[in-house]
Amino acid sequence: MTLCNFVASRLWFRQFGNRPEIDDILYEYRKFGILKESKKLKFLESIFKKLCVLFKVDRAFIDFQIKKYSVYGVGALGSFCPNSLQGCKIVIYYSDNFLLETYISAMLHELAHYFTYLHDIEFYEYDEECTDILLIYMGYGDIIRKGHEHFVFRSDRILCGSKILEAGYLSVEEIEFCMSIF
């Protein structure tokens, strides 16, 4: 089923509009940046549970993991992999360089992959970009825009040099355009 067919047949997407819950989460965890790593990881798990409730997905079917981000990795902030008809594995990568908004944006993105998987929505091209557009349509545009950042990682190792990581698959202009039409 295509996204357009799904939206046409199920207009209940509008129940996601204007997400004050995200603002509540940001306010509740506003001291995130000054916490020690172990407390931050617990906060991220707690936030993920709250986001599962917002998405109306059963957390019990999700193998959620937080792993240390490495500049030697693929450069993603998260990953999604279905592991059964109802279940999946979602990994979010952790670094002190990321803001809370970036984590929430990444978690929402991976949960949107799970959402489309559960509802048989297929994006035949531009899967990652379409996933972000779906989030904007569902009312999460503000947090997607806030989570969109550029990070430059520097390493003392000669072989590594600097690496630029862009959080999100859409440019700020594309996010704002989508927000203006939804």
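The values are calculated or read from the model by the stated rules, or taken from the named source; none is laboratory data. Computed from a predicted model, the values in this text were never measured in an experiment. Cβ coordinates were reconstructed from backbone atoms using ideal geometry, including for glycine residues, and neighbour counts include every protein chain displayed.
Hey, does region 54-69 have a residue that's of a type in the set (S, T, Y) and either closer than 23 Å to M138 by Cα or loosely packed, with under 13 Cβ neighbours inside 10 Å (or both)?
In the first step, residues of region 54-69 are kept if they are of a type in the set (S, T, Y); the result is 69.
Restricting the remaining residues to those that are either closer than 23 Å to M138 by Cα or loosely packed, with under 13 Cβ neighbours inside 10 Å (or both) gives none.
There is no residue in region 54-69 that is of a type in the set (S, T, Y) and either closer than 23 Å to M138 by Cα or loosely packed, with under 13 Cβ neighbours inside 10 Å (or both).
Only one residue in F32, F13, F98 is surrounded by 16 or more Cβ atoms within 10 Å (Cβ to Cβ) and at pLDDT below 85, so which one is that?
F98
Quickly run through region 52-61 and pick out the residues that are under 25 Å from H148 (Cα atoms) and either modelled with pLDDT of 95 or more or in contact with a Leu (Cβ under 6 Å, 6 or more places away or on another chain) (or both).
F55
Only one of these is of a type outside the set (S, T, N, Q), modelled with pLDDT under 95 and in a loop (DSSP other than H, G, I, E, B): Y27, Y103, Y72, Y93. Name it.
Y72
From E129, E125, E110, which residue is over 25 Å from I34 (Cα atoms), free of Cβ contacts under 8 Å to residues at least 12 places away in the same chain and either touching a Phe, Trp or Tyr at 6+ places or on another chain (Cβ under 9 Å) or part of a loop (DSSP other than H, G, I, E, B) (or both)?
Of the residues listed, the single one that is over 25 Å from I34 (Cα atoms), free of Cβ contacts under 8 Å to residues at least 12 places away in the same chain and either touching a Phe, Trp or Tyr at 6+ places or on another chain (Cβ under 9 Å) or part of a loop (DSSP other than H, G, I, E, B) (or both) is E125.
Is it true that G139 is at positive phi, buried (at least 18 other Cβ atoms within 10 Å of the Cβ), assigned to a helix (DSSP H, G or I) and modelled with pLDDT under 90?
yes
Looking at region 35-53, which of the residues that are farther than 26 Å from L118 by Cα and among the charged types (D, E, K, R) is surrounded by the most Cβ atoms within 10 Å (Cβ to Cβ)?
This residue is K40.
State yes or no: is Y126 surrounded by fewer than 22 Cβ atoms within 10 Å (Cβ to Cβ) and aromatic (F, W, Y)?
Spelling it out, Y126 is indeed surrounded by fewer than 22 Cβ atoms within 10 Å (Cβ to Cβ) and aromatic (F, W, Y).
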